[in-house]
Every structure is written in C-alpha cells, then in structure tokens.
Amino acid sequence: MVFLLLIAGFFIWLTARMFLEARFKAVFKQEGIMHAQGLAANSLADVLTLNHSRLQKMIENTKRSETDIAYIFIIGSSGDVLAHTFSNGFPVALIKANDVSALDNFKIQPLDTNTIGFIYDIAVPICLDKSMLGQVRIGIAETGMHQALTSLHLIILATTLAFVVLGIFLAFQLSGLITRPLSQLVVGIESVKKGDFSAKINVQSNDEIGLLAEAFNKMSDRLKTLL
C-alpha cells in the first residue's frame, strides 16, 4: 500500500509539472505578444516622425513595469535601430536573429544567449495600412517562469507528500481495524485449545468478522455447558 501510494504521488507530481510547464510557457509567450503588439500600435506616430526620445521613454517604461522582459528595441523600415533598452550597447547580431513581415501578426524565435540565458524573441510589425514601417522586438526571459514553476513544483510536491502520508496513516488504521478482531479470534481459539472456555471476543461490528466472533462466543458457551 505504501509503495502504491508513493508511485501514485510521483506520477501525480510529474503530470502536474509537465502540464504547468507547458501552460506557463504559453502564458508567458502570450503576455510578450500582447506587450509587443501594444508597443507597435502606440509607436506608429513616433516611428513616422522619428521621435527617438518618445520611443526610448516608452520602451523603458514598459521594460521597467515587466520583470520578465529582457530587452526591447524598435527597428525602422530601413533596418536602423530607433530605440533600445541595452545598457552596454546594442548587439547588432540580434537584428537578424528574428524577422517579421507585414503579413505576419507576430513571430517568435527561441534564442539561447550567453548573457541573458534562454529567451523568446518576439517580433511584431509596425504597419500603416499594408505598408510596414518597422518592427518591435521584445525578449522574454525564462528566469521568472522557472522561478514561478519551482515554487509551484514545491507546493505540489509538498501537497502530494502530505496526501501520501495521510494515505499511509489511513492504510495502517484500516489494517488495524481488520487485524485486531482477527487477533482476538486467534487468542480465543488458543484459549479453547487449552481448555479455557470463558474467553469472549468483544467485536461490535456487524460484518462477517462480527458474525464470526458471535458464533465463536456461542460455541464457547455451548462447550462450557457441555463440559
């Protein structure tokens, strides 16, 4: 019983972990897409007028409000960087790591970087009618997601272990309810074998064990009267 409970608890934890990891990844990606699409819509006028200061302020405020955003930058139609949040200079190679066209709503590219770690690079086009004026790029880091998942995994693991311990306790209690009357029957039978017919079995249940105990007590009384 203990072994089965441990196996069941392990599979419950493993299933919950796989489900939550997939769900968290989908949620994190969707939040990044929403932020990128919002920036693309709000930056249209500033991209047209090349208002670098407003673009810079907007992306800095967005990055500051979301801890999971690793970086944000905006590219113009000619491929020039209009604004970015990199403090140590803009990594030019990042421009070609992901690209989006006017026909795409968004495009996600997973990147394994040395400095930031594993991120999802999200590109959203900045369009006027059907003309593409540039694109917004947001990098969503997995650090926050892994921290949240670790906390949830610990909670699920602790809850599963608690239920396993409770199941083990109930299993022992249940086994005690079954074996205790049987032990009394064994003691009574040993007493009869030794010639002591005064032994009584005190079983209050109405199940088969209770009926057996009642029959044993009647048998003891019958033997006592015969002898």
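The values are calculated or read from the model by the stated rules, or taken from the named source; none is laboratory data. Owing to the predicted nature of the structure, the values given are computational and were not obtained by experimental measurement. A quick note on method: Cβ atoms are made from the backbone with ideal geometry, for glycine too, and the neighbour counts reach across all protein chains shown. With ligands, DNA and RNA removed, areas are computed over all heavy atoms of the protein, side chains included. Shrake-Rupley method; radii C 1.70, N 1.55, O 1.52, S 1.80 Å.
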**Message:** Using amide H atoms built in the peptide plane, which far-off residues or other-chain residues are under 5 Å from Phe118 H to H?
**Reply:** Thr113, Glu142
**Asked** Across the Cα atoms of the chain, what radius of gyration and what greatest pairwise Cα-Cα distance (Dmax) are found, in Å?
**Response** 35.7, 116
**Request:** Would you grab the residues whose amide H sits under 5 Å from the one on Ala70? Only those 5+ places off in sequence or on another chain, please, with H modelled 1.01 Å from N.
**Result:** Gly139, Ile140, Ala141
**Request:** Compute the long axis of helix 52-65 from its Cα atoms, compare it with the longest principal axis of the Cα atoms of the chain, and write down the angle in degrees, 0 to 90, nearest 10.
**Result:** 10 degrees
**Asked** What dipole magnitude, in Debye to the nearest 20, does the chain give about its Cα centre under +1 on Lys/Arg Cβ and -1 on Asp/Glu Cβ?
**Response** 660 debye
**Request:** Return the calculated 222 nm mean residue ellipticity for the chain, to the nearest 500 deg cm²/dmol, obtained by summing -39500 (n - 2.57) across DSSP H runs with n ≥ 4 and dividing by the residue count.
**Result:** -20500 deg cm²/dmol
**Message:** Rounding to the nearest 10 and keeping the result within 0 to 90°, find how far the Cα-based axis of helix 143-193 lies from the longest principal axis of the chain.
**Reply:** 10 degrees
**Item:** Kirkwood Rh and Cα Rg combined as Rg/Rh, segment 49-128
**Value:** 0.93
**Message:** For a quick check: with amide H placed at 1.01 Å from N, whose amide H comes under 5 Å from Leu133's, ignoring anything fewer than 5 positions away on the same chain?
**Reply:** Ile126, Cys127, Leu128
**Prompt:** Accessible area per residue, 1.4 Å probe, Å², for segment 8-49: what's the number?
**Reply:** 60 Å²
**Asked** Got a sec to turn the phi values of segment 10-26 into Karplus ³J(HN,Hα) couplings, 6.51 cos²θ - 1.76 cosθ + 1.60 with θ = phi - 60°, whole Hz, x for Gly and Pro?
**Response** 5, 5, 5, 5, 5, 5, 5, 5, 5, 5, 5, 4, 5, 5, 5, 4, 5
**Asked** Which value, in debye to the nearest 20, gives the size of the charge dipole of segment 101-213 about its Cα centre, when Lys and Arg are +1 and Asp and Glu are -1 at the Cβ?
**Response** 340 debye
**Request:** Identify the chymotrypsin sites (Phe, Trp or Tyr not before Pro) of segment 7-102 meeting these criteria: DSSP loop state and at most 16 other C-beta atoms within 10 Å of the C-beta.
**Result:** Phe86
**Prompt:** Leaving out ligands, DNA and RNA, what percent of the accessible area of the chain is carbon and sulfur, probe 1.4 Å?
**Reply:** 62 percent
**Asked** For the chain, what number of Lys pairs, 8 or more residues apart or on separate chains, have alpha-carbon atoms under 29 Å from each other?
**Response** 24
**Item:** Solvent-accessible area per residue, Å², over segment 57-110 with all protein chains present [probe radius 1.4 Å]
**Value:** 59 Å²
**Request:** Tell me the trypsin sites (Lys or Arg not before Pro) within segment 74-139 that lie in a loop according to DSSP and have at most 15 other beta-carbon atoms within 10 Å.
**Result:** Lys130
